[in-house]
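The values are calculated or read from the model by the stated rules, or taken from the named source; none is laboratory data. Just so we're clear, the structure is a prediction, and the values are computed from it rather than from any experiment. Cβ placement follows ideal geometry from the backbone for every residue including glycine, while neighbour counts extend to all protein chains displayed.
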Amino acid sequence: MPHHDHPRRDHHSHDHHGHGHESAFEGPEEVARVVADGEIAIGYVGEVVGLLDHPVDSVVDIGSGPGVATLELARLLPEARVVALDSSASMIEALRERATAAGLTDRVQGRQVEIPEGLEGRADVDLVWASMSLHHVADEVAALRAVRETLSERGTVAIVEFGDQRELLPPGNDALGDRVENAYRRYFDEQSQHWHGDTPSDELAAMVGRAGLRVLSDHVSVITHQPPLDEAQRRYVTGSLMRARKQLEGLLTAADLDALERIARDPERADGPLLVSRRILLAGR
């Protein structure tokens, strides 16, 4: 079951949309995968909007991907203009297509830019949305400082990251789940040097504080998709576990990797329930 402690850094079982250092986030297959991942967790957009205690006229979505959350923010905040920033051409093209199909091009714009450079000159932003994106930025504290400069007086930055990697395992796999958690900690440490180079990463709340931002709230929330799961949810379970198997090769034993594959391919596992946990940190000036 999901746990609510906060390790040194958030760790991730999925790669996400482009943020300047990888070319893996291009092409229709990547777009489709990130759309599916975003739709599984779409409820978190509404949760964050419900936590805000100030009007929102302007939103910036950092690392927007194909715009699943972007369009939900526009729907839930009908007075707001929303600017989506992502370094992937495929993701921004998909976002623009989705905005056109939704009739939201008057309020939703997509820009292919790097972060934090793409934040320069932006001001009086009421909400900066950063879901599964901050960890891909080379210097996270510098990016958060740039975010701080964009915020309006009461503006909020909402940072959403993964909660628990054990959530996709069925009951009775606690020991395997613990080994998966530990393996992902090592995986993140390895990836961190690739993502951040010589710039050290740190626990999320600590980096927020170093950027001059004040933590307003910080918690782990869980969405439960009850069975029967639809086709997209079943694909998400299988795909997530198979990605975990690939990413943790060399960090888990062959027996544990085989166990992940068996669970991924077990049709009963895909009958749920599906738990999706996210850490949600809100901060302000």
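Okay, here's what the table says:
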{"read-out": "Matching residues in the range 124-149 - criterion: being part of a loop (DSSP other than H, G, I, E, B), modelled with pLDDT under 95 and either under 23 Å from ASP57 (Cβ atoms) or in contact with an Asp or Glu (Cβ under 7 Å, 6 or more places away or on another chain) (or both)", "value": "MET132, SER133"}
{"read-out": "Residue among LEU282, LEU275 that alone is outside any helix (DSSP H, G or I), touching a strand residue (DSSP E or B) at 6+ places or on another chain (Cβ under 6 Å) and modelled with pLDDT under 95", "value": "LEU275"}
{"read-out": "Flag if ALA94 is outside any loop (DSSP other than H, G, I, E, B) and under 13 Å from VAL60 (Cβ atoms)", "value": "no"}
{"read-out": "Residue match in the range 36-45 (condition: crowded, with 23+ Cβ neighbours inside 10 Å, in a strand (DSSP E or B) and out of contact with any Lys or Arg (no Cβ under 7 Å at 6 or more places or on another chain))", "value": "no"}
{"read-out": "Residue in the range 218-235 that is modelled with pLDDT under 85 and buried (at least 16 other Cβ atoms within 10 Å of the Cβ) present", "value": "no"}
{"read-out": "Output for the range 150-168, where each listed residue is of a type in the set (Val, Ile, Thr) and either part of a strand (DSSP E or B) or under 22 Å from HIS219 (Cα atoms) (or both)", "value": "THR156, VAL157, ILE159, VAL160"}
{"read-out": "Set GLU190, GLU114: member being in contact (Cβ under 8 Å) with a residue 24 or more places away in the chain, more than 30 Å from ASP271 (Cβ to Cβ) and among the acidic types (Asp, Glu)", "value": "GLU114"}
{"read-out": "Count of residues meeting criterion [buried (at least 24 other Cβ atoms within 10 Å of the Cβ), acidic (Asp, Glu) and within 22 Å of SER217 (Cα to Cα)] in the range 47-102", "value": "1"}
{"read-out": "Residue in the range 69-86 that is without any contact (Cβ under 8 Å) to a residue 60 or more places away in the chain, in a loop (DSSP other than H, G, I, E, B) and not hydrophobic (A, V, I, L, M, F, W, C) present", "value": "yes"}
